[in-house]
Amino acid sequence: MKLPELKIADFTAPIPLIQGGMSIRVSTAALSAPVAECGGIGVIGGSGLPGEELRKDILKAKSMTDGIVAVNIMYAMKDFYNLVMVSIDAGIDMIITGAGFSRDIFKIGREHNVPIVMIVSSPGIAKLAERLGAAAIIVEACEAGGHLGTDQPLREIFPPIRDVITKVPLIAAGGITNGYEMAEMMDKYGADGIQIASRFVLSEECDVDDNFKQAFLDAKKEDIVLTSSPVGMPGRAINTNFVSSLAKGTIEKAKTCEWKCLKKCDHHYCISERLMAARDGKIDEGLFFSGANTYKMDKILPVAEIFKQFVSQAESVYKEGKGFTPQAS
């Protein structure tokens, strides 16, 4: 059966798939535009970017596609509201946010007619986001890469959140690696769509260094671990020399901070520097955020081929979802 479209506010994605927004400079226009062009929602990772760089990347992505382009900005960023306003001014279609909770962002979204999509990991926060005006909600579980708001797996936390969210689309995220799992989340669990990130690192269009992609290809199940982050949340990453040293307590605490990017930072290392090192392919120095099931991926493919595989696999088993049905206004 054909997969349903994903309707978020006034936007309709022909394919119910959101590409996760990976910072710093992992999800750029080079990746998000092809995703949008394939019918999904392409997402630029906006956290940690200077405002003008983010503006240029949004404008570039919008010039490359007529599809839907969003930006992901962590609330934990010190310049969160500036990045939000830069994104709106640049013509972004929607804003996705998590790693903290802002009530004001929903008011800003209403004032500028920009949908706000909230990333959550609990029924209570999901319901609050819906009540305050979220246009859609992403349920992100412990299998996801990067910062985690829960230690519970997707198939355990999704049902209770599905039970309380009735007015807006609900998206499943964390550890989804193929179209069969996509159909499972939509058909059995009632998701209105999925978000995937790590699979798109292993795309031809993702413009990280080749060493970054090779680290993903080389990773075994036991190589993907939980680590600490100055953001104050655990993160899932590949167990590189840096992550291993961090666990042993042998990383010297940062004495100065050039980035000053976080509202609250314990400075036990500079996350922006480590993410940039990963983006540049510095295996021993970098922090390579990775989903729990990255070890299942063994090929670098064009974005269009990733979409083709997900859609064909999903539609071969999909029956009828139990998710949100937009009401006529």
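The figures follow:
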{"item": "Set of aspartates and glutamates near K188 by C-alpha distance (under 20 Å), chain-local residues within fewer than 8 positions excluded", "result": "E5, E140, E143, E156, D163, E315, E320"}
{"item": "Percentage of interatomic Cα-Cα distances in the chain larger than 36 Å", "result": "11"}
{"item": "More than 17 angstrom apart: percent of Cα pairs within segment 210-294", "result": "45"}
{"item": "Unit Cα scatterers, Debye sum, segment 56-123: log10 I(q)/I(0) for q = 0.14, 0.16, 0.17 Å⁻¹", "result": "-0.40, -0.52, -0.58"}
{"item": "Lys, Arg +1 and Asp, Glu -1 on Cβ, resulting dipole of the chain about Cα centre, debye, nearest 20", "result": "740"}
{"item": "Ranking of E273, E305 by count of other Cβ atoms within 10 Å, fewest first", "result": "E305, E273"}
{"item": "FRET efficiency, 1/(1 + (r/R0)^6) with R0 22 Å, evaluated for S63 and K308 via beta carbons", "result": "0.35"}
{"item": "11 Å beta-carbon shell around I92, net charge (K/R +1, D/E -1)", "result": "-1"}
{"item": "Footprinting exposure proxy for S122, S47, S312 (fewest neighbouring C-beta atoms within 10 Å first)", "result": "S312, S122, S47"}
{"item": "Those residues of segment 31-66 whose amide nitrogen sits under 12 Å from the label point placed on H112, 7 Å along Cα→Cβ", "result": "55"}
{"item": "Options I138, G286, L49, ranked by Cα towards positive dipole end of the chain, top entry (Cβ charges)", "result": "I138"}
{"item": "Within the chain, helix-based [θ] at 222 nm, where runs of 4 or more DSSP H residues each add -39,500 (n - 2.57), nearest 500", "result": "-10500 deg cm²/dmol"}
{"item": "Cβ-defined net charge surrounding V26, 9 Å radius [Lys, Arg +1; Asp, Glu -1]", "result": "+1"}
{"item": "Nearby lysines by direct alpha-carbon distance to K253 (threshold 27 angstrom, same-chain neighbours under 8 apart not counted)", "result": "K78, K263, K264, K282"}
{"item": "Cut-off 14 Å between beta-carbons: net charge of the residues surrounding F216, Lys and Arg +1, Asp and Glu -1", "result": "+2"}
{"item": "Ordering of 281-291, 12-22 by packing [mean C-beta count within 10 Å, highest first]", "result": "12-22, 281-291"}
{"item": "Charge dipole of the chain about the Cα centre (unit charges at C-beta), most positive-ward option of M64, M118, V35", "result": "M118"}
{"item": "For Q195, distant residues with modelled amide H under 5 Å away", "result": "I18, A172, A173, G174"}
{"item": "Cβ-based charge dipole, the chain, positive-most Cα from M276, C206, P234", "result": "P234"}
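Every read-out reported here was derived from the displayed coordinates using simple, explicitly stated rules and does not represent laboratory data. Please read all numbers here as calculations on a predicted model, not as lab measurements. In this analysis, Cβ positions are derived from the backbone assuming ideal geometry, glycine residues included, and neighbour counts consider all displayed protein chains.
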